[in-house]
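So the structure is just underneath, and the comments pick up after that.
What follows draws every value from the coordinates through simple rules; no lab data is involved. Since the model is a prediction, treat every value here as computed from it, not as a measurement. Note that we place each Cβ from the backbone using ideal geometry, even for glycine, and neighbour counts take in every protein chain shown.
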Amino acid sequence: MSALRGLRGISLALLAPIAVLSFGCVSSDDIEGLHRQMNDIERQIQAVENKSSSKEEVQKLNASVAQQTSELLKSNADTGVKLDELSRQIEALQAKLDDTNRRLAELSQQIAATQGDLNRLSPGGPPPAMSPSVGAPRPNARPGAPSGAASGTGGASPQQLYDTAYGDYTKGRYELAIAGFQEYIERYPSTDLSDNAQYWIGESHFSERKFDDAIANFDGLLKRWPQSDKAAAALLKKGLALQEMNRKPEAVVALQYVIHEYPGSDEARLARQRLTSLGVETR
C-alpha cells in the first residue's frame, strides 16, 4: 500500500510540470513524452492495485479453507467418539448374548435330564435324546413302534423295554443295554424298532471296544434289515471298527461303499472325511 501511495504521488508530481509546460514554450514531443510517462505510471498503479486485490482474495480463501478444515476435524472427532460408544454397546450386547446362550444351554441340559427321568417313569414315552458317538445318527424312535401292549414278563410294554435298554446305553451301562436290546429283538423281532435295537447292540460293543462283536451285529443288521434307516450308520461304524482293528483295506472298502450307496447322507460325508484322513482320495 505504501508503494501504491508513492506511485500516486509521482503521478501527481508529474501533472504539475505538464500544466506548466502547457503554458510555457515546450514542444509537442516533450508533452507526448510526459504523457507516455504518465500512462506508464498509471499502468504500474493498476498492476499494484490488482496484486493487492488478489492478495485479499487469497487471504479470504485461506481463511475459508482453514474454517472448513477445522469443521471437518471436529466432525471426524465427533464421529470417532460415536464409533467408540457404539463399539462399547456392541461389546456389552455380545456379553449379554453369550450369557444368554450359556443359560439356555444349561436349561436345555436340565430339560433333557428331566425328560429322561420322565421317560423311565411314564409308559409309551419316546426314548431320551443323546449326543451320538462318532458317525452314529440320533436314535429317535420311528412312528408306529409298538407301545402299551403288556409283555408276559414284568408287565413291560415293548416301548418300555426299548426305552429301558436305551437309557442304559446313554448312561454307559453297555452290558445291561445289550441284554435289554437282545431281549427286545427276541420278543419283538418284527417291529419298527427291531433294527434299531440291533444297531444299538453294535454301538454298545463298539463303545466297549469289542470291535469283532460290533462288526458282527452291524453285519447282522445289514443282512436282516437291508432297507433299515440305520443301514448307512451301521456300514459306517463297521468301517470305523475295521480301522480300529488296523484292517485298513477292509475299512476303506466299507467306507467307500457308504459313499456309493448313500451319497447324499451325513454318513457319506463322515466317510469321506475318514478316508481323507487315511490318505485315500474320494470323489
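Protection proxy ranking for 222-231, 159-168, 264-273, using the average of other Cβ atoms within 10 Å per residue and placing the highest first: 159-168, 264-273, 222-231.
Using only the Cα atoms of the range 190-236, build the gyration tensor, take square roots of its eigenvalues as a ≥ b ≥ c, and label the shape rounded, prolate or oblate: rounded if a/c is under 1.5, else prolate if a/b is larger than b/c, else oblate. It is prolate, given that a/c is not under 1.5 and a/b is the larger ratio. In sequence order, the range 242-247 has phi-based couplings of 4, 5, 4, 8, 6, 9 Hz under the Karplus curve 6.51 cos²θ - 1.76 cosθ + 1.60, θ = phi - 60°, and Gly or Pro positions carry x.
A straight line joining the Cα centroids of the range 256-273 and the range 225-255 runs 11 Å.
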